[in-house]
Amino acid sequence: MNVQQMELTASHPLALPVGVTLDRYIMHRQTAFPYATGELSQLLRDIALAGKIIHREVNRAGLIDLTGGMGVQNIQGESQQKLDMIANIRFSRALKNGGEACAIISEEEEGIIYTGNNHGKYVVAIDPLDGSSNIDVNVSIGTIFSIYRRVTPIGTDPTLDDFLQGGRRQVAAGYILYGSSTIMVYTTGHSVNGFTYDASLGEYILSHPDIHSPANGQIYSCNDGHVEGYETGVQAYLDGCRKKQFTARYIGSLVADFHRNLLKGGIYLYPPTRKAPDGKLRLLYEAFPLAFLAEKAGCLATSGHKAILDIKPTHLHQRTPLYIGAPTMVENLVGMLS
Ligand code: AHG
Ligand code: MN
Ligand code: MN
């Protein structure tokens, strides 16, 4: 971003220039809403803090025996890695200590995690560590989060209803990507902004203000080894991508694949397969938050038959097929599905 762009960004009444810290940005945003009480701001800061701790753990994982499996499976029937567990504990602890969330759901735990803060106004759905298969091989992984205002009365025990409100009722959503650098990208339903973590300062710094994703792109991301199990419309779409000599990129960490495509223009596909007829990805803490953020950045997200954000959730660990990314690419794909 050049000086002129920085000034332009800064001239927007709600904008702050590249280089401001996340804390300052959150505070500044809060002042734009006269009735805001600061709880959501605090919640976002709590998540950002847990992200710093995970950044530290991820970066030294190979040195202090944090790689490898726990030898157990999580509720999804997937083998749990040590860092999955650590991230789950760190985020749960940060949210419990922070006091703003009354309950959490996590990929790593079957039921609702009660924080003991029944006066908290918010609930959080979280994938503490996304892309676990990449932990041991120094490849990008991330945390995905989704925040709702609770619907049950303040002071009472939160219930499933608080988590099954539907994706359009999210008040904030985002991710922290532990990649070649660590970046937190989030939206509170207005603009989408990215803050790169400077570990030497211990601060996230606004580096990607007001992200707008390209309307079209040339990157497609899916697990090519599963293509035989995809429905014919998806296979035909992928054949088209190959004929046009698009670029295939698949990290195997949804959050990292999504982030690249968000910035460069592309589509991420996790279709139903014969083995996983409902797809693999989880609606509440993978698809919903990324779909919310994607729509705010000008992308589309669909299960193939419905906008992701219009799916009515019925259970905490529900799965969904996911096609997400540049609107032209997603529309072209959907047009080929039966
Ligand atoms: P998680 O590590 O949270 O279980 O998520 C893994 C997900 C997603 O991040 C990734 O895109 C996908 O699983 C990869 O699945 P395949 O190995 O089937 O391609
Ligand atoms: Mn995941
Ligand atoms: Mn995970």
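The values are calculated or read from the model by the stated rules, or taken from the named source; none is laboratory data. All values reported here derive from a predicted model rather than from experimental measurement. Glycine also receives a Cβ, built like all others from the backbone with ideal geometry; neighbour counts cover every protein chain displayed.
If you go through the range 260-289 and keep only what is within 15 Å of K306 (Cα to Cα) and among the aliphatic types (A, V, I, L, M), you end up with L269, L283, A287. Being free of Cβ contacts under 8 Å to residues at least 60 places away in the same chain and either closer than 24 Å to Q170 by Cα or outside the structural domain of D136 (by TED's automatic domain parsing) (or both) is the requirement here; does K275 meet it? When the stated conditions are applied, K275 passes them.
If we keep just the residues of the range 64-109 that are within 14 Å of ligand 1 (Cβ to nearest atom) and either in a loop (DSSP other than H, G, I, E, B) or not assigned by TED's automatic domain parsing to the domain that holds L49 (or both), which is nearest to D136 (Cα to Cα)? My answer is E78. Is there a residue being within 16 Å of ligand 3 (Cβ to nearest atom), within 18 Å of the chain's Cα centre (by Cα) and buried (at least 18 other Cβ atoms within 10 Å of the Cβ) anywhere in the range 59-82? Looking for residues that are within 16 Å of ligand 3 (Cβ to nearest atom), within 18 Å of the chain's Cα centre (by Cα) and buried (at least 18 other Cβ atoms within 10 Å of the Cβ), one finds none in the range 59-82, hence no.
The residue that is nearest to Y237 (Cα to Cα), counting only those in the range 190-203 that are in contact with a helix residue (DSSP H, G or I) (Cβ under 8 Å, 6 or more places away or on another chain) and part of a strand (DSSP E or B), is V192. Scanning the range 143-161 for residues that are in a loop (DSSP other than H, G, I, E, B), at negative phi and either touching a His at 6+ places or on another chain (Cβ under 8 Å) or among the basic types (K, R) (or both) yields R150, I154. From the list L206, L177, the one residue that fits, being surrounded by fewer than 23 Cβ atoms within 10 Å (Cβ to Cβ), assigned to a strand (DSSP E or B) and either outside the structural domain of L322 (by TED's automatic domain parsing) or more than 16 Å from ligand 1 (Cβ to nearest atom) (or both), is L206. Contact map, the range 115-133: first residue within 15 Å of ligand 3 (Cβ to nearest atom), second residue in a loop (DSSP other than H, G, I, E, B) and of a type in the set (V, I, T), Cβ cut-off under 8 Å, separation 6 or more or different chains; pairs are G131/V139; G131/I251. When S133, S146 are screened for being small (G, A, S), within 15 Å of ligand 1 (Cβ to nearest atom) and either outside the structural domain of G189 (by TED's automatic domain parsing) or under 18 Å from K296 (Cβ atoms) (or both), only S146 passes. Of the helices (runs of 4 or more DSSP H) entirely within the range 250-338, those holding at least 1 residues that are at pLDDT 95 or above and polar (S, T, N, Q) occupy 254-264, 327-334. In the range 212-233, the residues that are closer than 15 Å to Y323 by Cβ never reach a residue that is part of a loop (DSSP other than H, G, I, E, B) and of a type in the set (D, E) with C-beta atoms less than 6 angstrom apart, at least six apart or across chains. Within the range 281-300, can one find any residue that is more than 22 Å from R169 (Cβ to Cβ) and either surrounded by 24 or more Cβ atoms within 10 Å (Cβ to Cβ) or of a type in the set (D, E, K, R) (or both)? Checking the range 281-300: not a single residue is more than 22 Å from R169 (Cβ to Cβ) and either surrounded by 24 or more Cβ atoms within 10 Å (Cβ to Cβ) or of a type in the set (D, E, K, R) (or both).
Residues are listed down the side, and each one gets a yes or a no for (1) under 16 Å from V185 (Cβ atoms); (2) within 16 Å of ligand 3 (Cβ to nearest atom); (3) out of contact with any Ser or Thr (no Cβ under 9 Å at 6 or more places or on another chain):
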| residue | (1), (2), (3) |
| --- | --- |
| P289 | yes, yes, no |
| K296 | yes, no, no |
| A307 | no, no, yes |
| I311 | no, no, no |
| Y323 | no, no, no |
